[in-house]
Amino acid sequence: MILAELEVFHSRPYSPTRRVAIGRRELPCEPAPGFGPLLLGGIVAIGIDELEPELQSDLYRLALQLDDGRRIPQPRLRHRFQADHIGLGRTKAMLVGEGDSFDFDFEGSGSAVQMALAAVYAAGQLPMSARPRAFAIVRKAMRWRGAIDDALISYLSGPDGAPSWSVSAFADPVAWALGVFGFDPDTEVPARREVQRTFRKQLRTAHPDHGGDTDEAGHRIAELAEARRILLG
């Protein structure tokens with residue numbers, strides 16, 4: 001299942017010019033943190049080690065400037081960002097989910113700097129409501145030095161991310177939220193009072209002071225809070 005997608009056009013290896021453009025994109029931002037921002041962060045994390053230290057600093061500075069809504073002079077990171085993609089190569093980056101596991105998939109030969117640059121520019125074109133969150137994820141991605149797996153997704157998602165980046169939560173948020181509370185996912189949403197009552201009961205059960213697993217408490221409490229938000233609006 002493709003959860004997010006970014007099409008990047010870029011100069012070919014033999015080209016005397018260095019250019020980057022963005023094509024088709026599917027970058028969902030809800031529920032937070034959003035699979036779109038997570039894909040953009042993953043693109044950056046995958047390529048950051050291949051960038052020279054100077055380019056890493058320039059990428060971080062560019063992210064700050066785009067987050068602030070500043071006008072961006074060209075070129076940046078030795079590449080010119082443009083709208084036209086005639087004559088350019090093409091790479092498609094995807095965040096793919098299967099069950100509750102995630103993978104980053106690339107089709108094409110875009111370089112690390114080209115893909116990271118496109119990801120940062122794409123973050124700058126997200127809706128204003130999602131842009132700060134996306135840039136926070138992108139900046140975190142620049143510090144990642146671990147494996148490219150579910151641990152990266154968890155790291156980029158932050159403390160509120162565990163329930164939100166679940167594949168099942170994205171596919172059917174209401175059914176997922178009902179399941180979190182132990183309701184039948186195929187039934188209608190219970191009355192507000194029943195949701196609140198169940199939330200308080202399960203919150204007490206999850207808390208370490210009432211016997212909940214200390215290592216799992218944070219994740220479970222975040223799940224319950226997100227499920228309540230979905231069901232109560």
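All of the numbers you see were taken from the coordinates with simple rules; none came from a lab. This is a predicted model, so every value here is computed, not measured. Neighbour counts run over all protein chains shown; Cβ positions are idealised from the backbone, glycine included.
Under a point-charge model restricted to the Cβ atoms of Lys and Arg (+1) and Asp and Glu (-1), what is the dipole moment magnitude of the range 172-232 relative to its Cα centre, in debye to the nearest 20?
440 debye
Mind sorting out which of [x] 65, 32, 31; [y] 53, 42, 27; [z] 55, 46, 34 is the real Cα extents along the principal axes in Å computed from the coordinates?
[x]
Could you tell me which of 115, 152, 16 has its Cα farthest along the dipole of the range 2-158 towards the positive end, charges placed at Cβ (Lys, Arg +1; Asp, Glu -1), taken about the Cα centre?
Of the candidates, 16 comes out farthest on the positive side.
If you average 1/r over all unlike Cα pairs in the range 4-46 and invert the result, what Kirkwood radius do you get in angstrom?
11.7 Å
At R0 = 25 Å, how high is the FRET efficiency between residue 18 and residue 154 if r is their beta carbon distance? Nearest 0.05 is fine.
0.15
For the chain, what does the helix formula give at 222 nm: sum of -39500 (n - 2.57) over DSSP H segments with n ≥ 4, over the residue count, nearest 500 deg cm²/dmol?
The helix-only estimate for the chain comes to -14500 deg cm²/dmol at 222 nm.
Please work out the C-alpha center-to-center distance from the range 45-74 to the range 1-25 and express it in whole Å.
Cα centres, the range 45-74 to the range 1-25: 17 Å.
Quote the charge dipole size of the chain about the Cα centre in Debye, to the nearest 20; the model charges only the Cβ of Lys and Arg (+1) and of Asp and Glu (-1).
Details: 28 positive and 31 negative charges, 243 e Å.
So the dipole magnitude of the chain works out to roughly 1160 debye.
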